[in-house]
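Down below is the structure, laid out as structure tokens.
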Amino acid sequence: MLEDVNALAKLIKPNQDNQAVFRAFLALLDDASDSSIITAGLSQINVDYIESDELREMALKLLVKADAPQLAKQWETAKNDEKLNNVVSLNGHANSTSPRSVASITFDDIGGLEDVKKQVRRKIINPFQDKKAIFQRFKRKAGGGVLMYGPPGCGKTMLARALATECNATFREIRAADVLDQYVGIAEKHIVDVFLRARTKKPAVLFFDEVEALAQKRQFESNAKVNTVVSVLLTEMDGFSDDNEDILFLGATNVPWSLDPAFRRPGRFDRSIFVPPPDKVARAFILNGLLKERPMSHELSLDEVIEKSVGYSGADLAALVETAVDYAIEDSTSVDNLAPLSQEHFSEAFREVKSTVGEWLAQARGFAQYANESGLYDDLAVFLKKYAK
């Protein structure tokens, strides 16, 4: 049966009517004798190749039946994407590994980072929305580039997705996997196509997640393919032959020192925003959200968890809670005899889950102290002086 499933999957391609083939494909999966066949079959299908909401819903139900929540989430969010008028697809390629329910995230869902949100509103939202007329009166062009940098797991990508709901502009998230290709010239063509589409959908925000993968430093001994991709990206950002006004380039990276220096010139990523780990108030907000509707012991002191989690990123906090939950489940004998989350469960979790931010800060400290002539890492230097031990 798996051979038949694989054969039908190969017939589903971009830029063609896949409805009849996909319906037959789903019918075959519906008779599968094992959930692994359903998962293996649907994991081969690019969600964007299926335009029918009915067929997407059928695929989602099969994945729920097969107990494949991660894969089901892709089909569920893909369905929601049809309702988003401000999201544009990238030349038929889908980023099947990234969460795409952009509309479900707002700034109110993000704990802390109030100073960062303020900078985002001033540098990104206002020129496109609230104060557009004032910008025009001062002859201040909207657009250019903003680089968000900081430790992994601290909310850079989440900020960008929240921006999609706050900013009245076309929003496109671009990852290296969407662009890079093993064949010479294909990656460059993808980059040109991204900018071409953005220029026809202005105002637009192009969000480059993990931008260092596309904008890494060029070196004489480097692969010529890497150098060419960087050169094409720089040319498109400059917009020599096309107008890039009302197009903003938003980049996110954990390693800003890995970017080619040419990307720091005006009109490219010439403004930077440091996204720090969550402070005490932010950790309380994040933990309360993560623990919502979970059974908790009355003796659990959330204040103690907050105090012990100094230096934890948002992702670290999520891992901490999930690990504590695992211990609580282990202690529960049945759904009627649950062992609610307790201080002991979190003590066990703290022994297992450590902060991932410390190593990044140790590396970043050297750049803030010895490679900050341009002032790029001023915000980082202030943070290190105030908080780092």
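The values are calculated or read from the model by the stated rules, or taken from the named source; none is laboratory data. All values reported here derive from a predicted model rather than from experimental measurement. Don't worry about glycine lacking a Cβ; one is built from the backbone with ideal geometry, like all the others, and counts go over all protein chains shown.
In the set Leu90, Leu42, Leu84, only one residue is modelled with pLDDT of 80 or more and of a type in the set (A, V, I, L, M, F, W, C); that residue is Leu42. In the range 328-356, the residue that is nearest to Asn254 (Cα to Cα) out of those that are polar (S, T, N, Q) and not in a loop (DSSP other than H, G, I, E, B) is Ser347.
Checked against (1) part of a loop (DSSP other than H, G, I, E, B); (2) modelled with pLDDT under 80, Trp75 passes all but condition (1).
Looking across the range 143-162, not a single residue is touching a Pro at 6+ places or on another chain (Cβ under 8 Å) and among the β-branched types (Val, Ile, Thr). Given the conditions (1) under 27 Å from Leu159 (Cα atoms); (2) of a type in the set (S, T, N, Q); (3) without any contact (Cβ under 8 Å) to a residue 60 or more places away in the chain, which single one is not true for Ser332? Of the numbered conditions (1) under 27 Å from Leu159 (Cα atoms); (2) of a type in the set (S, T, N, Q); (3) without any contact (Cβ under 8 Å) to a residue 60 or more places away in the chain, the odd one out for Ser332 is (1).
Test Leu380 against the criterion of being buried (at least 16 other Cβ atoms within 10 Å of the Cβ), modelled with pLDDT under 95, closer than 22 Å to Gly112 by Cα and in contact with a strand residue (DSSP E or B) (Cβ under 8 Å, 6 or more places away or on another chain), and give yes or no. Yes; evaluated as a whole, the condition is true for this residue. Of the residues in the range 317-327, not one is at pLDDT 85 or above and in a loop (DSSP other than H, G, I, E, B). Anything in the range 291-312 that is under 23 Å from the mean Cα position of the chain (by Cα) and at pLDDT 90 or above? List them, or say none. Scanning the range 291-312 gives Leu291, Tyr312. Residue count for the range 357-377 under the criterion of being under 25 Å from the mean Cα position of the chain (by Cα), surrounded by fewer than 18 Cβ atoms within 10 Å (Cβ to Cβ) and assigned to a loop (DSSP other than H, G, I, E, B): the result is 0.
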